[in-house]
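Let me begin by presenting the structure, written as structure tokens, before commenting on it.
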Amino acid sequence: MIGFQRRDGSQSLVRFADPDMGRGVSQARAWLETNPEQATRAVAALDGFYPMASGKADAIILEGRLYASSVERFEMAVPYRPKSSAASFVVYRPKFVRVDGENPDYPKLGDQFFAGVDSHSEGVKVWNAHMDQGQ
């Protein structure tokens, strides 16, 4: 899915529900590249994996764009452990994967990420209840 903001400040969400997950991811990435809604900013949340010391972890991969005079990009991974019969659901600390620009402002990007988490009334409850900052 992609959340985006228009020039007038309104926000919207586009879902890419496809039985073939790879095709859905490709559709979302194509949307980010073409920006058909003329968004000022957009973030895609994609299913994926992230390498961790304990092995490959499930992750939500966030691919963001700021559409200005030039397009700025970032990628973050939010690794998690799915709930199973042996373990509870856990969300791990987000990781920056890629940030374009000569001097990325990581604290600002982190603050903006957590402001987004906090703005989602149900999502922040899940985040706070299952967060493990150790990894």
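Coupling constants for the stretch 66-74 follow from the phi torsions by the Karplus curve (6.51 cos²θ - 1.76 cosθ + 1.60, θ = phi - 60°), and in residue order they are 10, 8, 10, 4, 10, 8, 9, 10, 8 Hz; glycine and proline get x. Between amide H atoms placed 1.01 Å from N, distances below 5 Å from residue 41 occur with 5, 67, all of them 5 or more places distant or on a separate chain. Take 53-65, 106-118 and order them by the average number of nearby Cβ atoms within 10 Å per residue, most first; the result is 53-65, 106-118.
Any chance you could give the angle, 0 to 90 degrees and rounded to 10, that helix 21-34 forms with the longest Cα principal axis of the chain? Its long axis makes an angle of about 30 degrees. The label-point distance for residue 69 and residue 99, in a model that sets each label 7 Å from Cα toward Cβ, rounds to 2.2 nm.
Each peptide in 2-12, 24-34 receives the mean, over its residues, of other Cβ atoms within 10 Å, and ordering these scores from highest gives 24-34, 2-12. The alpha-carbon positions of the chain define a convex hull whose volume is 136 Å³ per residue. Charged side chains reduced to their Cβ positions (Lys and Arg at +1, Asp and Glu at -1) give the stretch 47-111 a dipole of some 340 debye around its Cα centre. Extension gain for residue 40 to residue 119 (0.36 nm times residue separation, less C-alpha to C-alpha distance): 26.6 nm.
The distance separating the Cα centre of the stretch 1-30 from that of the stretch 48-125 comes to 16 Å. In a simple Cβ point-charge model (Lys, Arg +1; Asp, Glu -1; nothing else charged), the chain has a dipole of about 200 debye relative to its Cα centre.
Since every read-out is calculated from the coordinates, none of them should be taken as a lab result. These numbers were taken from a predicted model, which means no experiment stands behind them. Virtual Cβ from ideal backbone geometry, glycine too; neighbours counted across all protein chains shown.
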